[in-house]
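The values are calculated or read from the model by the stated rules, or taken from the named source; none is laboratory data. A quick note: this is a predicted structure, and the numbers were derived from the prediction, not measured. Here the Cβ is made from the backbone with ideal geometry for all residues, glycine too, and neighbour counts use every protein chain on show. Ligands, DNA and RNA are excluded from the accessible area calculation, which covers all protein heavy atoms including side chains. Shrake-Rupley method; radii C 1.70, N 1.55, O 1.52, S 1.80 Å.
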Amino acid sequence: MILVTGASGKTGRAVISALTKGRQRVRALVHRHEQVLQLQSLGAEEALVGDMRSKEVVNRAMQGVESVYHICPNVSPEEATIGAVMIEAARLAGVRRFVFHSVLHPQVEDMPHHWLKMRVEEALFKSGLSYVILQPAAYMQNTLGGWVSITQRGVYEVPYSLEARMSLVDVQDVAEVSMLVLTVSDHVGSVYELAGSQAITPKQIAEIFGKLLGKNVRADRVSTEAWVRQAATSGLGAYQTDTLVKMFDYYDKYGFCGNPLVLKTLLGRNPTTFEQFASRTISAKLKKSD
Ligand SMILES: NC(=O)c1ccc[n+]([C@@H]2O[C@H](COP(=O)([O-])OP(=O)(O)OC[C@H]3O[C@@H](n4cnc5c(N)ncnc54)[C@H](OP(=O)(O)O)[C@@H]3O)[C@@H](O)[C@H]2O)c1
C-alpha cells in the first residue's frame, strides 16, 4: 500500500491516477470528506480524511503502508513542520520508502516556499529513511488558471516578463516518474530535477494556444498591484500572496529553467512538449463540452 498525501490537489490526483493505472494499491490522505469520492473514482483503495498537520492523523495514515508519496499543500508556511511530522511518522511505522515531492531549485532563498522544501530535504537526508526526492519545474497545467481569459478575451496574462523563459513540465510526466521511483528500488537515494523539454516564454505559450485554438491569443503583463488585488478577491492568504509575488519577481529577473535530460532518461522518451500538452487539453475540453 502506498500513502499519498495532499491527494486531492492537482499533483495528488495525477500521481494517484498513474499509480492505480500501474495497479498499485493507494491510500489517499485528503482534507475534506467531499474529496473522498473523487479519489475513489481514480482508483484509490482507501481514503483517510484528516489534517496532515496532526501527528495523530499522520501516524494513523502511515499504519501498514510500504511507501509514502508526500505532497505538501502548495505555498504552505508550515511546509517544514508538516515534513517533520511525516518523516517521524514514517520512521515510527517502519515505512520502506519515502518519496518527497519537492520543487526545482529549492536552494533559492528568494522564494520562501522553495527554501522551506530544502529544509524538508535536509530532514530526509538525516532521517535514515530510504528516500527519493523529485524536484519538478513549474507545471504546464498552471497556465490553465487563465483559461477563461485565453479563450474568451484572447489574452494570456502573467505578472512577470513576457520574455521570461521557463522549463514547464507536464504534471502527468511527473506522475509517471512517481510510479517509477515508488516501484523500482534502484532509485533510492536519488534527487531528480524534472524539467520540461523546452524553456518557453509567456509570448510563445500565447502563440501556441492561439495556433491550436484557431484565434489570436496575445500575452499580456499585468502589474503586481493588479495581481495582488485579484488575489485578494479570490481569498488567497497574506503569506501565499507575499510568497507568490516574490516568486513572480524571481521569474521576472531570472526565468525558471532546468535541464530536461533527467526527465527524458527516467521516462525513456522525450518529455511532453507544451504544444502536445495544449493540444491534449483542448481536445479534452472540447470532448467535455460535446
Ligand atoms: N504547481 C506547480 O507548478 C508546482 C511545481 C513543482 C512543485 N509543486 C509542489 O507541488 C505541491 C502540490 O501542489 P498542488 O498545486 O498539487 O497542491 P494543491 O492543489 O494545493 O493541493 C494540495 C492538497 O492538499 C490539501 N490540503 C491542504 N491543507 C491540508 C491539510 N492541512 N491537511 C490535509 N490536506 C490538506 C488540499 O485540500 P483543500 O483544497 O481541501 O485544502 C489539496 O487537495 C506543492 O508542495 C507545490 O509546491 C508545484
(message) Which one, S185, G210, V57, is farthest towards the positive end of the dipole of the chain when Lys and Arg carry +1 and Asp and Glu -1 on their Cβ?
(response) G210
(request) Can you pull the one-decimal nm distance between simple spin-label points at A284 and D252, each 7 Å off the Cα toward Cβ? (result) 3.2 nm
(request) Could you calculate the contour length gain from K215 to R91, that is, 0.36 nm times the residue separation minus the distance between their Cα atoms, to one decimal place in nm? (result) 39.3 nm
(request) On the protein heavy atoms, probe 1.4 angstrom, tell me the percent of accessible surface of the chain carried by carbon and sulfur. (result) 50 percent
(request) Set Lys and Arg Cβ to +1 and Asp and Glu Cβ to -1, take the dipole of the chain about its Cα centre, and tell me which of G154, T20, H70 lies farthest positive. (result) T20
(message) Need the full-extension length gain, A84 to L261, defined as separation in residues times 0.36 nm minus the C-alpha distance. One decimal, nm.
(response) 60.6 nm
(request) Only residues of region 86-100 count here: report those whose backbone N is under 14 Å from the spot 7 Å along Cα→Cβ of N59, or say none. (result) 86-94
(message) Students often get this wrong: which residues of region 75-107 have the backbone nitrogen under 14 Å from the point 7 angstrom along Cα-to-C-beta of A232?
(response) none
(request) Enter the accessible area per residue of region 1-51 (Å², integer; probe 1.4 Å; all protein chains in place). (result) 48 Å²
(message) I need two numbers for region 215-289: Rg to one decimal and Dmax as a whole number, Cα atoms only, in Å.
(response) 17.3, 44
(request) Give me the net charge of T243's neighbourhood, meaning all other residues with Cβ under 13 Å from the Cβ of T243; Lys, Arg count +1, Asp, Glu -1. (result) -4
(request) Can you tell me which of 229-235, 163-169 comes out highest on packing, and rank the rest after it, using the mean Cβ neighbours within 10 Å? (result) 163-169, 229-235
(request) Considering Cα pairs under 8 angstrom that are at least six residues apart, work out the relative contact order of the chain and quote it in whole percent. (result) 17 percent
(message) Using only DSSP helix segments of four residues or longer, with each worth -39500 (n - 2.57), what per-residue ellipticity at 222 nm results for the chain after dividing by its residue count and rounding to 500?
(response) -14000 deg cm²/dmol
(request) Keeping all protein chains in place, calculate the accessible area per residue for region 203-290 (probe 1.4 angstrom), answer in Å². (result) 62 Å²
(message) On a full-extension model of 0.36 nm per residue, what is the gain between R269 and R25, subtracting their alpha-carbon distance, rounded to one decimal in nm?
(response) 85.2 nm
(message) Of H113, L124, A7, which is farthest towards the positive pole of region 1-129's charge dipole, taken about the Cα centre with +1 and -1 on the beta-carbons of Lys, Arg and Asp, Glu respectively?
(response) A7
(request) Please state the charge dipole magnitude for the chain, taken about the Cα centre, from unit charges on C-beta atoms (+1 on K and R, -1 on D and E), reported in debye and rounded to the nearest 20. (result) 700 debye
(request) Take peptides 131-142, 278-289 and line them up by average Cβ neighbours within 10 Å, highest first, as a rough protection proxy. (result) 131-142, 278-289
(request) Answer rounded, prolate or oblate for the chain, using the Cα gyration tensor with square roots of eigenvalues a ≥ b ≥ c: rounded when a/c is under 1.5, else prolate when a/b is larger than b/c, else oblate. (result) prolate
(request) Please list, or write none, the aspartates and glutamates whose alpha carbon is within less than 20 Å of the alpha carbon of K203, excluding same-chain residues fewer than 8 places away. (result) E157, E163, D170, D220, D249, D252, E275
